[in-house]
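Just below is one structure, and these are the notes that go with it.
Laboratory data are not the source of any read-out in this text; all were calculated from the coordinates shown. None of these values were measured; they are calculated from a predicted model. Cβ coordinates were reconstructed from backbone atoms using ideal geometry, including for glycine residues, and neighbour counts include every protein chain displayed.
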């Protein structure tokens, strides 16, 4: 019976729940021990896995077809890449920035964005195919209802009556939020979001289900406490604080993950994450 449920983010299509847990579980234990908590037994932790839903079907050619700027779709994919570029340029003055937003409709803005991001600390060493693929999985989640429903079902299937803490990384925080909103009768849980894009206006926040009203999102009824943790250099978590959009009960905590700002492992080893998870396991009043 899983007391802790993990929800992963994008770009996990070629792994599986056990291989992900093999990476996440030791980092979880490190964070809990640093926070003065106890290690959970391995069988008390589960992964809500959905990466295979994004895995491409096999084909007769060799390798994976490359993607370039011409493959980027208008709308979510394009705007997400441009927002990542703008924020990366703010963090690193050595990167060429987009400048006047009006110029983004001319002079090959997507290719310029990809070129700049490839030299950023966040996307260093990542090819265009992977950057475009990351934006594409976000777009598919919000535009393909069958995919969205299947992902939520995977998460709901992983929750048990014993679940006390949900730890959601990246796009997984969107999955957890929507599913918890849809299940108001579930037992109370603590939600810990890591590197979450939930506060990104227009591309994520305004497309949530249930939809926000008057600029505020609905509080997920099963959640008794919510801790949101973000690194300043995390391009995915463009809005570092969720409290203004989701309610005053959220605790927004900044941390520093070093060179790997969005990597889940330094998020989990942070003492702030360990304290939030330990408090959730201890229950109300802890």
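The table for this structure:
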read-out	value
Rounded tilt (10° steps) of 109-118 against the dominant C-alpha axis of the chain	60 degrees
Peptides 208-220, 175-187 ordered by average Cβ neighbours within 10 Å, highest first	175-187, 208-220
Percent of C-alpha pairs per 5 Å bin, the chain, short to long	1, 5, 12, 17, 19, 17, 13, 8, 5, 2, 1, 0
Residue with peak Gaussian network fluctuation, the chain [Cα springs, cutoff 10 Å], from 18, 74, 161	74
Added length on full extension, which subtracts the Cα-Cα distance from 0.36 nm per residue, residue 119 to residue 71	15.2 nm
Between the range 83-100 and the range 118-175, the alpha-carbon center distance in angstrom	24 Å
GNM flexibility winner over the chain from 49, 142, 155 (Cα, springs under 10 Å)	142
Share, in percent, of DSSP beta bridges within the chain that are antiparallel, nearest 5	5 percent
Nearest-0.05 FRET efficiency for residue 213 and residue 95, computed from C-beta distance (R0 41 Å)	0.65
Percent breakdown of C-alpha pair distances by 10 Å bin, ordered from the shortest bin, for the range 69-142	20, 56, 23, 0
Residue-span extension gain [residue 182 to residue 14] - 0.36 nm each, minus C-alpha spacing	57.6 nm
